[in-house]
Amino acid sequence: MLLLPAIVMAAATGAAVALVTEPARIAVGVCGAVATLLVAAAATEAVRRGRLLREARAEHERHRAYLEARIAAHDTETEYFIQQVFPVCLNHLHAGNEPNEVMRALPRLNPSWRDLPKYQQVLLRTVLKIIDDEENLRDSSQRSFVSIARRVQAIVHQQAKELREMEEDHGRNPEVFDDLLRIDHGTALIGRLADSISVLGGGRPGRQWPKPVALYSVLRGAMSRILEYRRIDLKSIAKINIKGIYVEPVIHAAAELLDNATRYSPPTSKVSVTATEVQTGVAIEIEDAGVSLDEQARARIEGILDRAQRGVDLQEIGGNPRLGLAVVGRLCTQFNMQVSLRASAYGGVRAVLVVPSEMITDQPGVGLAHGIGATAVPRPVDAPPAPQRAPRPAAP
């Protein structure tokens, strides 16, 4: 690199000196010598700078490799933190421990976690604190919803009791009796909405039947809690009885499915209801003639049911809530029932609610019609006392 330019320049200078005349040879020789020196100096500087550039490039590659190794190690630590450390700590938090207790329990959960990097400890503590605050806020909101629903349930229960007394007092007057029945039906609709809010908040329906009830009467009770009850057609209903403590959940789940069937089908069509004993219990099939489910709608509805079974966050309900499927999903989780939706042969939707055999009894039911009987008046569950009216003598 150093000799070649100088040799070429010296050869060019010698050739020029040989070609020019005698008087100019000295001047050409001096200029050639200076040029040769300058070319040699330039070549030397180029070589020096090339060497420095190669050294800088090598240093850059070493630093790049060092940074890539650090990034890879950091990615490995982060992945281990996300997949191993955080899930265990989150489960420990959900077991009823405070964030500080979880942090103190790290060496006990895994001895190697004693030496977690400082930034991971700070991140873990911060995330656990945020999750704990959000869950406390959500639980508080759900408890508030359940408390409000319980108050409404108590008022509805008391109003239904008074309406029954008024029906007994004024039953001989057809016009008054008809008005009382319509008010009673509206009260039942309000009660179903209050029960839905309670179920979504983690509670249960607000009434409990003291004795077993025939499945036919249970489905009649579900019909009485929807607006378009006249369109329901009870066909082949298995002659079995539901245990008293499970009557209200089955009524409420069936009422929500019946309400969906009547709401999303033509107003002139009928909704067919059948109940058949199966190996695991009894299958209640509700079939309408509305719009059939495509794959996208089916996936969306199954997603609603799946999220409801895992637990509904009340903040996700939205401004225009559709509570029916969410309530059914929560009831199925609480009472081990199963629900599925599929396309009907008639072009609509068929909802199948499977009531497990644990909820069925061989004890005799108290009735076979919608009048379930005075011996089976439901009792409010965990409800505050409702306003009472002054007692009055019964009418003859």
Revision key, fill the gap. ASN173 passes all but one of the listed conditions (1) in contact (Cβ under 8 Å) with a residue 12 or more places away in the chain; (2) over 28 Å from the mean Cα position of the chain (by Cα); the exception is number (1)
Check your understanding: Taking ILE26, is it among the hydrophobic types (A, V, I, L, M, F, W, C) and loosely packed, with under 12 Cβ neighbours inside 10 Å?
Key -> yes
Exercise for review: Assess whether ILE251 counts as being open to solvent by 10 Å² or more (accessible area, probe 1.4 Å) and β-branched (Val, Ile, Thr).
Suggested key: no
Practice item. Can you work out which of the residues in the range 275-301 that are modelled with pLDDT under 70 and charged (D, E, K, R) is most open to solvent (accessible area, probe 1.4 Å)? Key: GLU295
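Taking the criterion of being under 18 Å from LEU93 (Cβ atoms), assigned to a helix (DSSP H, G or I) and at pLDDT below 80, would at least one residue in the range 131-138 satisfy it? Full working, then the answer.
The first filter runs over the range 131-138 and keeps only residues under 18 Å from LEU93 (Cβ atoms), leaving 131-138.
Now restrict to residues that are assigned to a helix (DSSP H, G or I): 131-138.
Next, only the ones that are at pLDDT below 80 stay: 138.
Taking every residue of the range 131-138 in turn, at least one turns out to be under 18 Å from LEU93 (Cβ atoms), assigned to a helix (DSSP H, G or I) and at pLDDT below 80.
Can you tell me which of ILE197, ILE237 is of a type in the set (Val, Ile, Thr) and within 26 Å of GLN142 (Cβ to Cβ)?
On the way: ILE237 fails: within 26 Å of GLN142 (Cβ to Cβ).
Being of a type in the set (Val, Ile, Thr) and within 26 Å of GLN142 (Cβ to Cβ) holds for just one of ILE197, ILE237, which is ILE197.
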Check your understanding: Among the residues of the range 75-88, which ones are among the hydrophobic types (A, V, I, L, M, F, W, C) and under 21 Å from the mean Cα position of the chain (by Cα)?
Key -> ILE82, PHE86, VAL88
Point to revise | Subset of the range 91-106 that is open to solvent by less than 40 Å² (accessible area, probe 1.4 Å) and assigned to a helix (DSSP H, G or I) - its residue that is farthest from ASP133 (Cα to Cα) | key: LEU106
Review point. Which of (1) surrounded by 13 or more Cβ atoms within 10 Å (Cβ to Cβ); (2) out of contact with any strand residue (DSSP E or B) (no Cβ under 7 Å at 6 or more places or on another chain) is the odd one out, the single condition GLN153 does not satisfy?
Key: (2)
**Study point:** Residue that is nearest to PRO205 (Cα to Cα) [pool: residues in the range 235-247 that are in contact (Cβ under 8 Å) with a residue 40 or more places away in the chain and surrounded by fewer than 24 Cβ atoms within 10 Å (Cβ to Cβ)]
**Key:** TYR246
Review point. Given the conditions (1) within 30 Å of ASN100 (Cα to Cα); (2) among the acidic types (Asp, Glu); (3) open to solvent by less than 60 Å² (accessible area, probe 1.4 Å), which single one is not true for ASP184?
Key: (1)
Exercise for review: Give just the number: which of (1) β-branched (Val, Ile, Thr); (2) at pLDDT 75 or above; (3) in a helix (DSSP H, G or I); (4) open to solvent by 20 Å² or more (accessible area, probe 1.4 Å) does VAL328 not satisfy?
Suggested key: (4)
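The values are calculated or read from the model by the stated rules, or taken from the named source; none is laboratory data. Computed from a predicted model, the values in this text were never measured in an experiment. Cβ atoms come from the backbone with ideal geometry, glycine included; neighbour counts cover every protein chain shown. The protein model used for the area step is the full one, side chains on, heavy atoms only, and it has no ligands, DNA or RNA in it. Shrake-Rupley method; radii C 1.70, N 1.55, O 1.52, S 1.80 Å.
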